[in-house]
Amino acid sequence: MEKYETHTHDVIVIGAGGAGLRAAIEASAQGASVGLVCKSLLGKAHTVMAEGGVAAALANVDSKDDWKTHFHDTMHGGKLLNNWRMAELHAQEAPDRVRELEHWGALFDRTKEGNINQRAFGGHTWKRLAHVGDRTGLEMIRTLQDRGIHTGVDVYMECTITHLLKDGDRISGAFGYWRESGRFVLFNAKAIILATGGIGKSYKVTSNSWEYTGDGHALAYEAGADLIDMEFTQFHPTGMVWPPSVKGLLVTEAVRGAGGILTNNKGERFMEKYDPERMELSTRDVVARSIYTEVQEGRGSPHGGAFLNISHRGAEYVKKKLPSMYHQFKEFAEIDITKEPMEVFPTTHYVMGGVRVDPETAQSTVNGLFACGEVAGGMHGANRLGGNSLSDLLVFGKRAGAGAAEYANKINNDVKVHDEEINNAVKEMLEPFENTEGENPYTVHQDLQDAMGDFVGVFRTKEKLHEGIEEINILKERGSQLKIEGSRMYNPGWHLSKDLKSMLIVSEAIARCAHQREESRGAHSRVDFPNYNDEVWGTVNSVISKDSSGDMNLGTSPLPQMPEELKKIVEGGYK
Ligand code: FAD
């Protein structure tokens, strides 16, 4: 029997980005004993990389803004596939969550009157993004971390959760390993909150870091929870294209928000063709497809992108409002963006699909399992508006924390962890060391990334998706027979062997949902079905779950009915 250490809490939060921290703070405030587990160092989550800002109808710059307009914009951005109640709560509660951050010490940029400043972003009717230059996420994480530490949350860093444990139909704990020693660890918990972020590393060109391997999506799926709308992966229109070492690195939408202009190699401002009204501030799905099309049709920049120019705003403005972008291009590409245009191309950025949750409590379809932030689905429908992720994670992080604490408080103490589950987890984790033959996980990962880019990318067809699914099936087979050399002490190959399993689940879910949805909507573009099919697909979410024989079950479920008063807001041109 393998030895492992054990920790016991009412609530375990997996993930210490904005969503996890906000959830932990709330659960702790409600009296729960909380453990916060993260794969890397505290503060190194994706939230810290967020640049442009957090969307909230504070109406500090455009006084006409209100929650109804934010709700309207979010629903239209999501092509009406959003869970209406999540979008409503999000729009109503985001301003309070941002003000609360300020009370906890966050220093946002200011208007002349001394209020929190707000900037324009794609798809938002009014200037709505509260920001700190282009380093908003850093300030958010700093503030939430300080708050979390002082409210008595126990932090377990560099610890990867590999399995969720269940007692009958409810959650009883989580199992994982310390990245440094490779030793196993068990967390007994009445409730678990998944806050693990996204899935970007399933693709080669991505703005995401090594941590985004879809672990939370896979953990939820394995525990029996529903995943919804997995076909909707967001390709951010502007990633760096050159040099190759930084391909995919994000160029914040704040550049376009500040007046950045997109042109092709003929000097044409091509957004005039694709969205003459909103131009560069059209929604991400539209701008990404426009750049892709320009390049495909031979009007790309020297390194296969489009030109994005902000130099007309002057050096002082650019350095003040977009300091990270200025340094990013100067250091990595030797380009001075105050004088020259950038080259940009779409990059895998965000996943709208995720764990199906109850909007009020963020509980998944499994008792005691909650999800918030990027790992949760429903809020953003078919396409997320910029800035709506940071506000989403604040609103639903708080709700998940409260929901989990309340759940943990209600259930009795006899939730059991079963030895058999732990033994199975240990066996699975150690298998790659025991295999005498097998592949290197890096090769399989690379082939998966190629397959996702080639077959499940920005533009999709039935044939390509079919090929993609076949390829993923082969990769699943290869991924089940991996061989790892060396010991368990800090062994990145071993870590990848488990991450790869998560990415394979997530990739299969994306490809199969994309194959099923025979229409184009938001971030999902089918060349063979270029239009909306509202009658068939405008009324349903795609649903993925694991069936009793262990196979991936694919289906749909009807969208919840929206109340009449909200329908009026959605149908009205709310300006
Ligand atoms: P994260 O902040 O990524 O945190 C995930 C946590 O889960 C990490 O602590 C990680 O270690 C942990 N974890 C993962 N798997 C495991 C595991 N198996 N075991 C233990 N821990 C695990 N959105 C906006 O609204 N506005 C912006 O301006 C903006 N800019 C962005 C810029 C960039 C470059 C990027 C990449 C994203 C940006 N986004 C922006 C999106 C936004 O930052 C993310 O969607 C959001 O921060 C996700 O927060 P999260 O808390 O859900 O996940």
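The values are calculated or read from the model by the stated rules, or taken from the named source; none is laboratory data. Keep in mind that this is a model prediction, so the values were computed, not measured. Glycine also receives a Cβ, built like all others from the backbone with ideal geometry; neighbour counts cover every protein chain displayed. We work out accessible area using only protein heavy atoms, side chains counted, and drop any ligands, DNA or RNA first. Shrake-Rupley method; radii C 1.70, N 1.55, O 1.52, S 1.80 Å.
Within the set Glu343, Glu316, the sole residue that is modelled with pLDDT of 95 or more and touching a His at 6+ places or on another chain (Cβ under 7 Å) turns out to be Glu343.
So is Glu253 closer than 26 Å to Val456 by Cβ, open to solvent by 10 Å² or more (accessible area, probe 1.4 Å) and at pLDDT below 95 or not?
On the way: closer than 26 Å to Val456 by Cβ: yes; open to solvent by 10 Å² or more (accessible area, probe 1.4 Å): no; at pLDDT below 95: yes.
So Glu253 does not fit the description; no.
Criterion applied to Thr347, Thr293 was being without any contact (Cβ under 8 Å) to a residue 24 or more places away in the chain, of a type in the set (Val, Ile, Thr) and under 30 Å from Val527 (Cβ atoms), and the one residue passing it is Thr293. Here Glu565 clears all of (1) free of Cβ contacts under 8 Å to residues at least 24 places away in the same chain; (2) of a type in the set (D, E, K, R); (3) buried (at least 21 other Cβ atoms within 10 Å of the Cβ) except the condition numbered (3). Residues satisfying the criterion are present in segment 299-308 (criterion: more than 30 Å from Met86 (Cβ to Cβ) and within 16 Å of the ligand (Cβ to nearest atom)). In segment 351-395, the qualifying residues are those that are open to solvent by 10 Å² or more (accessible area, probe 1.4 Å) and touching an Asp or Glu at 6+ places or on another chain (Cβ under 7 Å), and the one that is farthest from the ligand (Cβ to nearest atom) is Asn367.
Val527 passes every criterion in (1) modelled with pLDDT of 95 or more; (2) β-branched (Val, Ile, Thr); (3) surrounded by fewer than 22 Cβ atoms within 10 Å (Cβ to Cβ) apart from (1).
For the subset of segment 530-562 comprising residues that are within 21 Å of the chain's Cα centre (by Cα) and of a type in the set (Val, Ile, Thr), which member is most open to solvent (accessible area, probe 1.4 Å)?
Initially, segment 530-562 is screened for residues within 21 Å of the chain's Cα centre (by Cα), giving 541-545.
Cutting the leftovers down to of a type in the set (Val, Ile, Thr) gives us 543-544.
On the way: Val543: 18, Ile544: 0 Å².
Applying the filter and picking the extreme gives Val543.
May I ask you to verify whether Ser548 is out of contact with any helix residue (DSSP H, G or I) (no Cβ under 9 Å at 6 or more places or on another chain) and closer than 25 Å to Val287 by Cα? Even if it seems obvious, please write down each step before you answer.
Numbers: out of contact with any helix residue (DSSP H, G or I) (no Cβ under 9 Å at 6 or more places or on another chain): yes; closer than 25 Å to Val287 by Cα: no.
The answer is no for Ser548.
Taken together, the residues in segment 396-411 that are among the basic types (Lys, Arg) and away from the ligand (no atom under 16 Å from the Cβ) amount to 1.
One line per residue, one yes/no per condition, for (1) open to solvent by less than 30 Å² (accessible area, probe 1.4 Å); (2) touching a helix residue (DSSP H, G or I) at 6+ places or on another chain (Cβ under 6 Å):
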{"position": "Lys166", "(1), (2)": "no, no"}
{"position": "Gly173", "(1), (2)": "yes, no"}
{"position": "Phe184", "(1), (2)": "yes, no"}
{"position": "Phe187", "(1), (2)": "yes, no"}
{"position": "Ala195", "(1), (2)": "yes, yes"}
{"position": "Ser202", "(1), (2)": "yes, yes"}
{"position": "Ala220", "(1), (2)": "yes, no"}
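Note on segment 138-178: among residues that are more than 30 Å from Ser487 (Cα to Cα), outside any helix (DSSP H, G or I) and β-branched (Val, Ile, Thr), the one that is farthest from the ligand (Cβ to nearest atom) is Thr151.
Of all residues in segment 23-46, those that are near the ligand (Cβ under 8 Å from one of its atoms) and either within 19 Å of Leu219 (Cβ to Cβ) or out of contact with any strand residue (DSSP E or B) (no Cβ under 7 Å at 6 or more places or on another chain) (or both) total 7.
Looking only at residues in segment 179-233 that are assigned to a helix (DSSP H, G or I) and farther than 15 Å from Val355 by Cα, the one that is farthest from the ligand (Cβ to nearest atom) is Ser202.
Please pick out the residue among Arg128, Arg97, Arg110 that is surrounded by fewer than 24 Cβ atoms within 10 Å (Cβ to Cβ), within 15 Å of the ligand (Cβ to nearest atom) and at pLDDT 95 or above. Lay out the reasoning, then the answer.
Working: Arg128 fails: surrounded by fewer than 24 Cβ atoms within 10 Å (Cβ to Cβ); Arg110 fails: within 15 Å of the ligand (Cβ to nearest atom).
Testing whether each residue is surrounded by fewer than 24 Cβ atoms within 10 Å (Cβ to Cβ), within 15 Å of the ligand (Cβ to nearest atom) and at pLDDT 95 or above leaves just Arg97.
The criterion of at least 2 residues that are closer than 30 Å to Leu165 by Cα is met, among strands (runs of 3 or more DSSP E) falling completely within segment 281-384, by 342-351, 369-371. Only one of the numbered conditions (1) touching a Lys or Arg at 6+ places or on another chain (Cβ under 9 Å); (2) within 30 Å of Leu227 (Cβ to Cβ) is violated by Gly353, and that is (1).
All of (1) under 19 Å from Glu26 (Cα atoms); (2) among the polar types (S, T, N, Q); (3) open to solvent by less than 30 Å² (accessible area, probe 1.4 Å) hold for Thr69 with one exception: (1). For beta carbons closer than 8 Å, sequence separation of 6+ or different chains, a first residue in segment 52-63 that is touching a residue at least 12 places away in the same chain (Cβ under 8 Å) and a second that is within 15 Å of the ligand (Cβ to nearest atom) and open to solvent by 40 Å² or more (accessible area, probe 1.4 Å), the qualifying pairs are Val61/Lys127; Asp62/Lys127.
Quick grid of which residues meet (1) within 30 Å of Met562 (Cβ to Cβ); (2) not aliphatic (A, V, I, L, M):
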{"site": "His72", "(1), (2)": "yes, yes"}
{"site": "Ala94", "(1), (2)": "yes, no"}
{"site": "Asn115", "(1), (2)": "no, yes"}
{"site": "Gln118", "(1), (2)": "yes, yes"}
{"site": "Thr125", "(1), (2)": "yes, yes"}
{"site": "Thr136", "(1), (2)": "no, yes"}
{"site": "Val155", "(1), (2)": "no, no"}
